[in-house]
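Visitor: Before anything else, here's the structure in question.
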Amino acid sequence: MAKESRILKAMYALVKDQESKTGWPIDAAAISQQTPGLSLGEIEQEMRDLQVKKLVQIDHAPDMTLFCRLTEAGLEEAEKAARH
């Protein structure tokens, strides 16, 4: 749960200034810059876990890089994580 909270907080930091917070693609490398100490593998696994919880939608870039977008529910959870 601690990792999930850190990742949601990082995701919110990446999208908070974007016009479409739920449409902005977030990749593991960008999250990694916000969460020192977590490997890309850990971040990608958390992204998959968040997809199961319907907090993000996962997609692949043309180079097969994994990225996600926050859902409305995910945005709410990310905002909560950012406040704590």
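Visitor: Highest first, please rank the peptides 25-32, 51-58, 7-14 by the mean number of other Cβ atoms sitting within 10 Å of their residues.
Guide: Numbers: 25-32: 18.4, 51-58: 15.6, 7-14: 23.0.
Packing proxy ranking, top to bottom: 7-14, 25-32, 51-58.
Visitor: Provide the packing ranking of 34-45, 67-78, i.e. peptides ordered by the mean count of other C-beta atoms within 10 Å per residue, highest first. Please list the in-between numbers first.
Guide: Working: 34-45: 14.5, 67-78: 19.6.
Peptide ranking by packing, descending: 67-78, 34-45.
Visitor: Taking the Cα centre of the chain as origin and charging only Cβ (+1 Lys, Arg; -1 Asp, Glu), how large is the dipole, in debye to the nearest 20? Provide the component values of the computation, followed by the final result.
Guide: On the way: 11 positive and 14 negative charges, 57 e Å.
Here the size comes out at about 280 debye.
Visitor: Solvent-accessible area of Asp17, probe 1.4 Å, all protein chains present, reported in Å² to the nearest ten, please.
Guide: 130
Visitor: Follow-up. Please pull out the direction-averaged projected area of the stretch 1-49, using the convex hull of its alpha-carbon atoms, in nm² to one decimal place.
Guide: 3.2
Visitor: Any idea how far apart Ala73 and Asp59 come out in nm if each label point goes 7 Å out from Cα toward Cβ?
Guide: 2.0
Visitor: With a bin width of 10 angstrom, please list the P(r) values of the chain as percents of all Cα-Cα pairs, from the 0 bin to the one holding the largest distance.
Guide: Percent of pairs per bin, in order: 20, 60, 19, 1.
Visitor: Also, quick follow-up: What ³J(HN,Hα) values, in whole Hz, does the Karplus curve 6.51 cos²θ - 1.76 cosθ + 1.60 give for the stretch 21-32 when θ = phi - 60°, with x put for Gly and Pro?
Guide: 5, 8, x, 7, x, 10, 9, 4, 5, 5, 5, 4
Visitor: Which whole-number percentage describes the relative contact order of the chain, with Cα contacts under 8 Å and a sequence gap of 6 or more?
Guide: Normalised by residue count, the contact order of the chain is 37 percent.
The values are calculated or read from the model by the stated rules, or taken from the named source; none is laboratory data. Computed from a predicted model, the values in this text were never measured in an experiment. Every residue, glycine as well, gets a Cβ built from its backbone with ideal geometry; the counts of neighbours run over all protein chains shown. To get the accessible areas, we keep the full protein, side chains included, count just its heavy atoms, and leave off ligands, DNA and RNA. Shrake-Rupley method; radii C 1.70, N 1.55, O 1.52, S 1.80 Å.
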